[in-house]
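Below you'll find the structure, written out as structure tokens, and then a few comments.
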Amino acid sequence: RLSGGASIVKHSEAMTSARQLVDATIGISCHAWSKGAEELAYCPNNHELRIVDGNDWTEKFRLTEHDMLISAMDWHPETNFLVTCSHDRNAFVWNFDPAEKQWKPSLVILRVERAALDVKWSPDGQKFAVGSSAKCVPVCYYEQDNNWWVSKMIKKHKSSVLSIAWHPNSQILASGASDFKARVFSAFITNVDTDGQVAADFNTPVAFGETYAEMNSSGWCESVAYSPSGAVLAFSGHDSSIHFATFASEKPVVQTIRFSFLPLVQLLFLSDSTLVGAGHDANPALFELTAAQWAFKEFVDKKPAAKAVTTGGSDVKSRMAMWQNKDKTGTTAGAKADDESAWLKHQGTITCLKPYSNGAFSSTSPDGKLVTWCLS
């Protein structure tokens, strides 16, 4: 057992470390790691940005520039810039000043009329994009002459943009929206991408904001993610489906997998052949590429072996649980219903996945827990 209440449990497939960062009645909306996981930034389901030490978990900073819930954040490993977006329709780029030993915010006017929902740095750290409820995606970059962050708008959506993902070349941007579409756009900005435009797997480059590809999802497109090489774009639907798209041919080639568990709201590639998705089942699901086909492999969180049952007091406990459950939900399912999911590390929908280290990732949930997963 670690200091500060973290516990490590080893399964044959994964080593996990769970930490209760805030009370379960508060929850965590999103989180992000600094380079080398030296520091962790997270939002306790409100307007605050908290930064803690990644080793001893002491709180170092509590920043309150936002007025409403922080919905997403991203920490670039090379520039050390931390970007946050919020339901207050704004974004801040945070820069640490070593001389004053404090984080300094730069307000980014997104020019959106509704909440900002997702934010991601481009891999080169020169731009970031924000998904919003205003049916648009501001792509923001720093304008040296005026000393501020400005944005260019992608306006091809018909509903809220729930998720965004950058291609590794930092010039192509994917989005998932609640209009049942996943789209791929050009995010090439002449003054920023000075090495020239690259179209990757697409034949002909297009202007900023124009569409490279558009694909259907049978439900809200909850999340999008690019593989490390950029060869595959994955997107998940609210109809309990996941789709893997490649663009080597004239039209996108999409493999669809439908599953029996609840929808995935977060996707993260661990490698070009491994993807983890998480959502309403509170248990990360692993997908692998084998023989040119993607397939669901297993859930990462494993139920521990059953312990020997002792009879003393178990009947009384079961009856008490039955009445407690009836009082809360109006059912008599009792202790057995609670036990079915009580072993899970998370006790709520997993709403944020982030890379942690090689082959490892972390997750947070409205249950207030941070869990790190290291696959063997």
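The values are calculated or read from the model by the stated rules, or taken from the named source; none is laboratory data. Quantities reported herein were computed from a predicted structural model and do not represent experimental measurements. Backbone-built Cβ (ideal geometry, glycine too); neighbour counts: all protein chains shown. Ligands, DNA and RNA are excluded from the accessible area calculation, which covers all protein heavy atoms including side chains. Shrake-Rupley method; radii C 1.70, N 1.55, O 1.52, S 1.80 Å.
Answer with yes or no whether Asp201 is farther than 30 Å from Gln144 by Cα, charged (D, E, K, R), modelled with pLDDT of 95 or more and surrounded by 15 or more Cβ atoms within 10 Å (Cβ to Cβ). Even if it seems obvious, please write down each step before you answer.
On the way: farther than 30 Å from Gln144 by Cα: yes; charged (D, E, K, R): yes; modelled with pLDDT of 95 or more: no; surrounded by 15 or more Cβ atoms within 10 Å (Cβ to Cβ): yes.
When the stated conditions are applied, Asp201 does not pass them.
Could you tell me which of the residues Val206, Val192 is touching a residue at least 60 places away in the same chain (Cβ under 8 Å) and not in a strand (DSSP E or B)? Write out each step before concluding.
Numbers: Val206 fails: touching a residue at least 60 places away in the same chain (Cβ under 8 Å).
Just a single option satisfies the conditions, and that option is Val192.
Do we find a residue being modelled with pLDDT of 95 or more, out of contact with any Asp or Glu (no Cβ under 8 Å at 6 or more places or on another chain) and open to solvent by 70 Å² or more (accessible area, probe 1.4 Å) anywhere in segment 294-313?
Yes, some residue in segment 294-313 is modelled with pLDDT of 95 or more, out of contact with any Asp or Glu (no Cβ under 8 Å at 6 or more places or on another chain) and open to solvent by 70 Å² or more (accessible area, probe 1.4 Å).
Is one or more of the residues making up segment 67-77 open to solvent by less than 10 Å² (accessible area, probe 1.4 Å), under 18 Å from the mean Cα position of the chain (by Cα), modelled with pLDDT of 95 or more and of a type in the set (S, T, N, Q)?
For segment 67-77, residues open to solvent by less than 10 Å² (accessible area, probe 1.4 Å), under 18 Å from the mean Cα position of the chain (by Cα), modelled with pLDDT of 95 or more and of a type in the set (S, T, N, Q): absent.
If you check every pair at least six apart or on different chains, which have Cβ atoms under 7 Å apart with a residue in segment 240-255 that is more than 15 Å from Tyr226 (Cβ to Cβ) first and a residue that is among the aliphatic types (A, V, I, L, M) second?
Ser240/Leu262; Ser241/Ile257; Val253/Ala245
Take segment 137-174 and flag every residue that is in contact with a Cys (Cβ under 8 Å, 6 or more places away or on another chain) and farther than 24 Å from Gly196 by Cα.
Of everything in segment 137-174, those that are in contact with a Cys (Cβ under 8 Å, 6 or more places away or on another chain) and farther than 24 Å from Gly196 by Cα turn out to be His157, Val161, Leu162, Ser163.
Of the residues in segment 45-84, how many are of a type outside the set (A, V, I, L, M), in a strand (DSSP E or B) and either in contact with a His (Cβ under 9 Å, 6 or more places away or on another chain) or farther than 15 Å from Ala129 by Cα (or both)? Before you say what the answer is, go through the steps one by one.
Looking only at segment 45-84, we keep the residues that are of a type outside the set (A, V, I, L, M), and these are 45-48, 50, 53-62, 64-67, 71, 74-81, 84.
This time we only want the ones that are in a strand (DSSP E or B), so: 50, 53, 59-62, 71, 74-75, 84.
Subset that is either in contact with a His (Cβ under 9 Å, 6 or more places away or on another chain) or farther than 15 Å from Ala129 by Cα (or both): 50, 53, 59-62, 71, 84.
Of the residues in that region, 8 qualify.
Test each condition in (1) closer than 20 Å to Ala182 by Cα; (2) open to solvent by less than 20 Å² (accessible area, probe 1.4 Å) for Ser133 and report the one that comes out false.
Single failed check for Ser133: (2).
Is it the case, given these coordinates, that Tyr212 is under 19 Å from the mean Cα position of the chain (by Cα), under 14 Å from Phe247 (Cα atoms) and either among the acidic types (Asp, Glu) or open to solvent by less than 70 Å² (accessible area, probe 1.4 Å) (or both)?
On the way: under 19 Å from the mean Cα position of the chain (by Cα): no; under 14 Å from Phe247 (Cα atoms): yes; either among the acidic types (Asp, Glu) or open to solvent by less than 70 Å² (accessible area, probe 1.4 Å) (or both): yes.
No.
Condition check ((1) charged (D, E, K, R); (2) closer than 26 Å to Cys30 by Cα) across all residues:
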residue	(1), (2)
Gln144	no, no
Trp148	no, yes
Lys156	yes, no
Ala177	no, yes
Val192	no, no
Phe202	no, no
Trp220	no, yes
Ser240	no, yes
Val253	no, no
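Search segment 256-273 for residues that are farther than 15 Å from Gly348 by Cα and acidic (Asp, Glu) and pair each with any residue that is open to solvent by less than 70 Å² (accessible area, probe 1.4 Å) and not in a loop (DSSP other than H, G, I, E, B) when their beta-carbon atoms are under 9 Å apart and the residues are at least 6 apart or on different chains.
What qualifies is Asp272/Leu289.
If you go through segment 144-159 one residue at a time, how many are surrounded by 13 or more Cβ atoms within 10 Å (Cβ to Cβ) and among the polar types (S, T, N, Q)?
2
Check whether at least one residue in segment 239-258 is under 24 Å from Val371 (Cα atoms) and touching a Lys or Arg at 6+ places or on another chain (Cβ under 9 Å), and report yes or no.
The initial filter retains those residues of segment 239-258 that are under 24 Å from Val371 (Cα atoms), namely 240, 242.
Imposing the further condition that a residue be touching a Lys or Arg at 6+ places or on another chain (Cβ under 9 Å) reduces the set to 240, 242.
Yes, segment 239-258 has at least one match.
Tell me, which residue of segment 93-130 that is in contact with an Asp or Glu (Cβ under 7 Å, 6 or more places away or on another chain) and open to solvent by 20 Å² or more (accessible area, probe 1.4 Å) is nearest to Ile154 (Cα to Cα)?
Step by step, filter segment 93-130, then rank; the result is Lys120.
Give segment 222-263 a look and list any residue that's in a loop (DSSP other than H, G, I, E, B), aliphatic (A, V, I, L, M) and either open to solvent by 50 Å² or more (accessible area, probe 1.4 Å) or over 16 Å from Gln293 (Cα atoms) (or both), or say none.
Step one: list which residues in segment 222-263 are in a loop (DSSP other than H, G, I, E, B), which gives 227-232, 238-240, 247-252, 259-263.
Still in the running and aliphatic (A, V, I, L, M): 231-232, 248, 262.
The answer is Ala248, Leu262.
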